[in-house]
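The values are calculated or read from the model by the stated rules, or taken from the named source; none is laboratory data. What you see is a predicted model, and the numbers here were worked out from it, not measured in a lab. When we count neighbours, we look across all protein chains shown, and the Cβ atoms used for this are built from the backbone with ideal geometry, even at glycine.
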Amino acid sequence: MYKANNIIEMFQRFIEHTPIVPIEILEELYIRILEPLKRINLTEKEYVLLKTLIYCYNALTDLSEYARSILQKQADKYSQLLLRYLQLEHGEIKGAQKYAEVISLMGTFFAIAEKHRQVFLLQRLTRECIRKEIYMNQRPKLVEEIMHLK
């Protein structure tokens, strides 16, 4: 994982190139994501297993039933692996508790991924508007609409 200083530097560079996105949104996307990871003291092995579970997410609309079943089998396999690993490391009950904490991070990551998509869309639309010289008239409405700031 990146060191905190590197992440903050990357965040500052990103802000310089993204003046249209409110700072609160950028902080949520690039800084606050680290808070849950620190809070539950996620190890590198646990992080890798969590990422594997995220990659096995099977609720995507473009997947066939066959692909969904393959991903579900893999998700079940890695979910059990994570649970067993945590129970070996922390004991049966504490391991199960940490498992619940780690799994709850998936929802956080999916929410942040959605915000990333929104920021990307906002940037793309802004660039198009600038090219068409209508940016100044449309920006406030776009920001409110895309970022759900109403």
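I'd like the residue in the stretch 1-49 that is among the polar types (S, T, N, Q) and closer than 16 Å to Met106 by Cα and, out of all such residues, is modelled with the highest pLDDT. Per the stated criteria, the residue is Thr43.
What about Glu144, is it at pLDDT 90 or above and of a type outside the set (Gly, Ala, Ser)? Criteria not met by Glu144. So for the stretch 61-83 (the condition being at negative phi and touching a residue at least 60 places away in the same chain (Cβ under 8 Å)), does at least one residue qualify? Looking through the stretch 61-83, none of the residues is at negative phi and touching a residue at least 60 places away in the same chain (Cβ under 8 Å). Only residues that are among the charged types (D, E, K, R) and surrounded by 14 or more Cβ atoms within 10 Å (Cβ to Cβ): list them for the stretch 83-98, please. Passing the criteria: only Lys98. Considering only residues that are under 17 Å from Lys98 (Cβ atoms) and of a type outside the set (Phe, Trp, Tyr), look in the stretch 55-82 and name the one that is surrounded by the fewest Cβ atoms within 10 Å (Cβ to Cβ). Out of the qualifying residues, it is Gln80. Restricting attention to the stretch 76-96, the residues that are in a helix (DSSP H, G or I) and either among the small types (Gly, Ala, Ser) or in contact with a His (Cβ under 8 Å, 6 or more places away or on another chain) (or both) total 3. Is it fair to say Tyr85 is among the hydroxyl-bearing types (Ser, Thr, Tyr) and at pLDDT 95 or above? Taking the combined requirement at face value, the residue satisfies it.
One residue alone among Thr108, Thr52 is closer than 29 Å to Glu9 by Cα and modelled with pLDDT of 90 or more, and that residue is Thr52.
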